[in-house]
Amino acid sequence: MSRISRKLGTAAAILATGIGSFVILKLSGPVQQPVESRERVWRVDTLIAQPRQLYPTLTLYGRVETPELLRAAAPADGRVAAVEVREGQRIEPGQLLLTMDPRDFVPLVQQAQADVDDLQAQLIREQLQHAANQDALAHERKLLELAESAVKRARDLRERKLGSDAAVDEAGENRQRQLLAVTTRQLAVDEHAARLRQYEARLERARAVLTQAQLDQERSAVTAMFTGFVAQVEVASGDQVKRADTLLTLYPSDALEVRAKLPAPYQQELLQALNAGKTLQAVAQTGATEIVLHLDRVSGEADPSGIDGLFRIQSGAELLRLGSMITLQLQRAAQAGVVAVPYTALYGNDRMYKLVDGRLQGLIVTALGDYTGAGDRSMLLVKSPQLNAGDQLVTTHLPNAVTGLRAEAVAENETAAAP
């Protein structure tokens with residue numbers, strides 16, 4: 001038992017020594033300082049708000065078209081002899097564009113002319129025949145008088161017993177025959193006016209056919225009537241075409257216009273300005289050249305998305321072609337008390353932030369449209385009763401932006417809507 005007691009005493013001494021050493025090391029070690037929590041400061045770009053009167057713009061997407069598209073058609077059945085132009089080629093008034101084979105038109109003109117000549121001859125013949133009928137009618141009436149006198153003489157002789165009934169009957173028969181001849185000749189004379197009108201009507205019809213044939217012959221050579229461009233060439237030399245088949249499609253260069261959809265939210269505003277006689281100007285950029293247009297009218301039909309606006313081109317039409325798609329910037333009526341800001345300043349559709357005492361403060365704004373700033377920079381016009389001159393607007397788009405977030409400006413403040 002004494003040996004076990006000695007072993008337990010030794011173990012207890014070793015354990016006490018270890019605990020004591022641990023306590024000494026713990027107390028003599030370095031003291032860890034508590035971690036200090038610091039709020040993060042977001043660095044943002046800002047600009048100084050300066051409300052003023054500006055003209056918002058509306059971005060529209062339009063297509064070039066023309067109400068004066070000309071389709072040159074074949075005047076009659078025939079063969080294309082030569083095509084003198086190509087698609088997209090510029091044309092001038094009087095320029096020869098296409099010719100058809102004249103052999104398809106000359107016989108038609110000759111035939112129509114022959115019909116006219118024939119009817120003119122028939123008309124002359126009718127005049128001569130009428131004159132002859134009138135002379136013959138006079139002779140026939142004289143013969144009728146003689147026949148009537150013969151009947152009277154035959155009756156007188158019979159009454160005096162110097163003539164027979166057969167002689168009276170023969171004289172009466174001759175009288176009836178001559179009366180029929182007078183009636184027939186009189187009818188020929190009376191029908192002259194009707195026959196004359198008939199011949200004249202047929203002659204007029206023949207002259208109309210001749211005029212049409214001559215017109216078709218003239219139109220077999222297609223020439224330009226204006227300064228413009230060839231939109232399409234539908235045929236080639238040697239093609240056989242039918243009457244009214246399209247040969248060429250042309251359009252004048254000064255009749256181009258642009259059709260663009262006017263969004264429904266702005267429809268009433270634009271229509272009121274148009275009806276008031278205000279000039280709504282728009283511009284489009286083609287390379288380094290600016291195309292100037294103005295809203296001329298609106299289409300007669302609308303749909304839920306808006307109504308089509310038709311823009312007349314004032315300058316730069318020579319740079320456009322039929323069917324081209326262009327982007328327009330339509331200048332709307334001036335708005336007072338608005339501020340131009342970058343698109344990155346807007347959150348959602350109606351929220352922005354300004355920097356107040358080093359923290360973000362939210363404000364509700366109304367977006368009024370686009371605006372082209374200095375250097376053709378695209379900006380957004382906003383307006384709000386919570387927005388005052390001199391406010392420091394945050395233009396950096398923060399993913400976690402909320403009111404009260406700590407922030408500081410990192411660049412020199414710009415002035416909103418600077419010219």
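The values are calculated or read from the model by the stated rules, or taken from the named source; none is laboratory data. As the structure is a computational prediction, the values presented were derived from the model and not from experiment. We place every Cβ from the backbone using ideal geometry, glycine too, and count neighbours over all the protein chains shown.
Here is a check on your reading of the model: is ALA244 of a type in the set (Gly, Ala, Ser), buried (at least 17 other Cβ atoms within 10 Å of the Cβ) and at pLDDT 90 or above? Step through it out loud before you land on a result.
On the way: of a type in the set (Gly, Ala, Ser): yes; buried (at least 17 other Cβ atoms within 10 Å of the Cβ): no; at pLDDT 90 or above: yes.
So ALA244 fails the test.
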Across region 130-140, the tally of residues that are surrounded by fewer than 16 Cβ atoms within 10 Å (Cβ to Cβ) and of a type outside the set (A, V, I, L, M) stands at 3
Go through VAL64, VAL116 for me and flag whichever is outside any strand (DSSP E or B), of a type outside the set (Ser, Thr, Tyr) and farther than 30 Å from ASN388 by Cα. VAL116
Does region 296-313 contain at least one residue that is touching a residue at least 60 places away in the same chain (Cβ under 8 Å) and touching a strand residue (DSSP E or B) at 6+ places or on another chain (Cβ under 9 Å)? yes
Hey, does region 122-133 have a residue that's touching a helix residue (DSSP H, G or I) at 6+ places or on another chain (Cβ under 6 Å), in a helix (DSSP H, G or I) and free of Cβ contacts under 8 Å to residues at least 60 places away in the same chain? yes
In the same structural domain as ALA244 (by TED's automatic domain parsing), of a type in the set (Gly, Ala, Ser) and either part of a helix (DSSP H, G or I) or under 30 Å from ARG86 (Cα atoms) (or both), is that true of ALA194? no
With in a helix (DSSP H, G or I) and under 30 Å from VAL233 (Cα atoms) as the only criterion, which of VAL168, VAL109 stands out? VAL109
Condition (residue is surrounded by 18 or more Cβ atoms within 10 Å (Cβ to Cβ) and assigned to a strand (DSSP E or B)) applied to region 265-276: is it met by at least one residue? no
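Yes or no, residue by residue, for (1) surrounded by fewer than 20 Cβ atoms within 10 Å (Cβ to Cβ); (2) closer than 30 Å to ARG90 by Cα:
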residue	(1), (2)
VAL292	yes, yes
GLY316	yes, yes
ALA334	yes, no
VAL338	no, no
MET352	no, no
THR372	yes, no
Within region 76-121, restricting to residues that are surrounded by 15 or more Cβ atoms within 10 Å (Cβ to Cβ) and touching a Phe, Trp or Tyr at 6+ places or on another chain (Cβ under 8 Å), the one that is nearest to ARG197 (Cα to Cα) is LEU119
